[in-house]
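Notes for the one structure printed next.
The values are calculated or read from the model by the stated rules, or taken from the named source; none is laboratory data. It should be emphasised that the depicted structure is a prediction, and the values quoted were computed from it without experimental measurement. Neighbour counts run over all protein chains shown; Cβ positions are idealised from the backbone, glycine included.
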Amino acid sequence: MTAPRIMIVEDEALVALMVEDLLTDIGCRISGSFGAVDEALDYLKDAAAPPPALDGAVLDVNVGGTMVFPVAERLRAAGIPFVFATGYGALPRKGFEDVLVLNKPIDPVLLEGAVKGFGQAA
Amino acid sequence: MLNVANAERSEQADHAALITLVETIEALSATRTIEEVAAVVRSAARRMSGADGVCFVLRDGDQCWYLDEDAIGPMWKGQRFPMSACISGWAMLHGQTVVVPDIYADDRIPHDAYRPTFVKSLVMTPVRPKDPIAAIGAYWAVGQTPSPDTVIRLEAMARATAAAIENARLYASLNEALERRTFLLRELDHRVKNTLASVQSIARQTLRAAPTPTDFAESFESRLMGLSRAHELLTRQAWGRTDLRDVLEAALQPFGGLADPRFTARGPAIALTAETAVALHMTLHELMVNAAKHGALTSASGQVTVVWRIEEVEGDGEGGGGAGPSLVLEWVERGGPPVFVPKRQGFGTKLLERGVARDLGGEARLTYQPKGLSYALRAPLSDRIAAATAPRALA
């Protein structure tokens, strides 16, 4: 089986570097790591075109003051599974109540479980 | 007999007015907002005065704000007038009740504002005469001299209203304080979790690069102390904007800060958001630690020059910045031992090249020249990073 291709949206570089490492360690390939919602949307213009070049995504919710939901919507429209990773305890996320939320600091075991879930969903 | 009957009727009227006043005070004591106070005042004042219309006017700085009214015809609800140009203003400025039997014979009245209304006579009484915060006006469509009883009743109501307004303001500020507290607690929770996530990242990545537990402990603690100093700086700024030079000073603190003659720092005042200040602090901390271990700070004659400036970029989109002004910051080491390109990329290098630059949508480059290491950061100005408006003395 080929390595799952994962996109990361996370505004804090330090946390992004760790998520990249965690994912690489469990056999994923980082297809893109973005610190801003705009950059992620730009990337998805191409990546979300079928067949998807992505197998899943890990999304911070508040990305430098901008909510990540437009990215989540585009991923959902393209049928690409994703999880949220956030430091906010309870966030309003109308329409995304069914999406798994990983709390920060990130539990590597839960992250691995979530990524395995991507494979099944795809 | 007639006089006795009149006296009885008058007594009954007094009695009724007293009951109305007590009911009004009760109703006012149950109010929680200025709007509720206004609603009680407007109907009670009209009942007690027998007037054809009443107004409830709030003082708002040097303006009279006609907040609410109850009348047979439209008056000035929602409008604002200068204190000096209306009779409610006069009453509030003088702390006195005004009785005007004929408004067109009184030059304190702005006649043009009254012409479209039914008003011929009025009483205006300030709320809290010593330092008026509002006024209650009663208006009649038929010219008359309002009775002393009417004036006394309106003044009694105004006194009860003063307490109600102050209560409403107290409630408003209490609610605001409670909301603020809830907000701060949520924000604190968020920041603690994000900080813990940063520490988690530092721990994992320091561990990756550490050959021994002792090396791990040393590097991890050094980074943790750096993070702690960054937070100290932010707390001093109440998590507001922080100046770049202060961030640099804090990062170099283990070396005595910029007072160490080996450091030269030059650049304009740049305001950073709290998050950016932490990220830049980590970067400068890594550079300092590296310089102390392998670079210019290993020798007494070493030099570290940190310069920053704002550069206008001709917009070709290259350099991560695109068009528009960018912050350019350079860290240049000289006078240390010869520098070699490291064989493997450690966490420090990764952080320097991808840390703050990624956060800011810019780019960073490490250059290993034999004469010394240099680091250059270029990041577009944004809401996270801005030229400070007040010029700052440069050292």
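In the set B:G78, B:G53, B:G61, B:G95, only one residue is crowded, with 18+ Cβ neighbours inside 10 Å and not hydrophobic (A, V, I, L, M, F, W, C); that residue is B:G53. Any residue in the range B:255-264 that is in the same structural domain as B:L360 (by TED's automatic domain parsing) and within 30 Å of the chain's Cα centre (by Cα)? Checking the range B:255-264: not a single residue is in the same structural domain as B:L360 (by TED's automatic domain parsing) and within 30 Å of the chain's Cα centre (by Cα). Within the range B:68-99, being in a strand (DSSP E or B) and without any contact (Cβ under 8 Å) to a residue 40 or more places away in the chain holds for B:D68, B:E69, B:D70, B:R80, B:F81, B:P82, B:V98. With the requirement that a residue be touching a residue at least 60 places away in the same chain (Cβ under 8 Å) and surrounded by fewer than 23 Cβ atoms within 10 Å (Cβ to Cβ), what does the range A:2-24 give you? Once the filter is applied, which keeps residues that are touching a residue at least 60 places away in the same chain (Cβ under 8 Å) and surrounded by fewer than 23 Cβ atoms within 10 Å (Cβ to Cβ), the range A:2-24 yields A:P4, A:V15, A:L22. Total residues in the range A:1-29 satisfying the condition of being away from chain B (no Cβ under 11 Å) and more than 19 Å from A:L110 (Cβ to Cβ): the figure is 5.
Is it the case that B:T235 is assigned to a helix (DSSP H, G or I), under 26 Å from the mean Cα position of the chain (by Cα) and surrounded by fewer than 17 Cβ atoms within 10 Å (Cβ to Cβ)?
It is true that B:T235 is assigned to a helix (DSSP H, G or I), under 26 Å from the mean Cα position of the chain (by Cα) and surrounded by fewer than 17 Cβ atoms within 10 Å (Cβ to Cβ).
Scanning the range B:365-391 for residues that are without any contact (Cβ under 8 Å) to a residue 60 or more places away in the chain and within 14 Å of another protein chain (Cβ to nearest Cβ) turns up B:A379, B:S382. Here the condition is being within 17 Å of B:A162 (Cβ to Cβ), crowded, with 18+ Cβ neighbours inside 10 Å and in contact with a Ser or Thr (Cβ under 8 Å, 6 or more places away or on another chain); of B:P126, B:P132, it holds for B:P126 alone. Criterion first (hydrophobic (A, V, I, L, M, F, W, C) and within 25 Å of A:L111 (Cβ to Cβ)) does B:L185 satisfy it? Judged against the criteria, B:L185 is not a match.
Residue-level check: of (1) assigned to a loop (DSSP other than H, G, I, E, B); (2) under 26 Å from B:S10 (Cβ atoms), B:F118 misses just (2). Per the listing B:G95, B:G78, B:G50, the residue uniquely over 43 Å from the mean Cα position of the chain (by Cα), on the phi > 0 side of the Ramachandran plot and either among the small types (G, A, S) or at pLDDT below 95 (or both) is B:G50. Every test in (1) over 26 Å from B:D383 (Cα atoms); (2) in a strand (DSSP E or B); (3) touching a residue at least 40 places away in the same chain (Cβ under 8 Å) is passed by A:I106 save one, and that test is (2). Remark: pairs (first residue in the range B:262-291, within 14 Å of chain A (Cβ to nearest Cβ); second residue part of a helix (DSSP H, G or I) and acidic (D, E); Cβ separation under 8 Å; 6+ apart in sequence or on different chains) = B:E275/B:D359; B:T276/B:D359; B:A279/B:D359. Of all residues in the range B:196-230, those being β-branched (V, I, T), surrounded by 14 or more Cβ atoms within 10 Å (Cβ to Cβ) and more than 9 Å from chain A (Cβ to nearest Cβ) number 1.
Among the residues making up the range A:16-52, those that are at pLDDT below 90, in a helix (DSSP H, G or I) and among the hydrophobic types (A, V, I, L, M, F, W, C) are A:L44, A:A47. Here A:G65 fulfils each of the conditions (1) away from chain B (no Cβ under 12 Å); (2) loosely packed, with under 15 Cβ neighbours inside 10 Å apart from (1). For B:I136, the criteria (1) within 21 Å of B:G73 (Cα to Cα); (2) assigned to a helix (DSSP H, G or I); (3) touching a residue at least 24 places away in the same chain (Cβ under 8 Å); (4) not small (G, A, S) hold in every case but one, which is (2). Residues that are surrounded by 17 or more Cβ atoms within 10 Å (Cβ to Cβ), more than 14 Å from chain A (Cβ to nearest Cβ) and in contact with a Ser or Thr (Cβ under 7 Å, 6 or more places away or on another chain) within the range B:334-355 comprise B:G335, B:G336, listed in sequence order.
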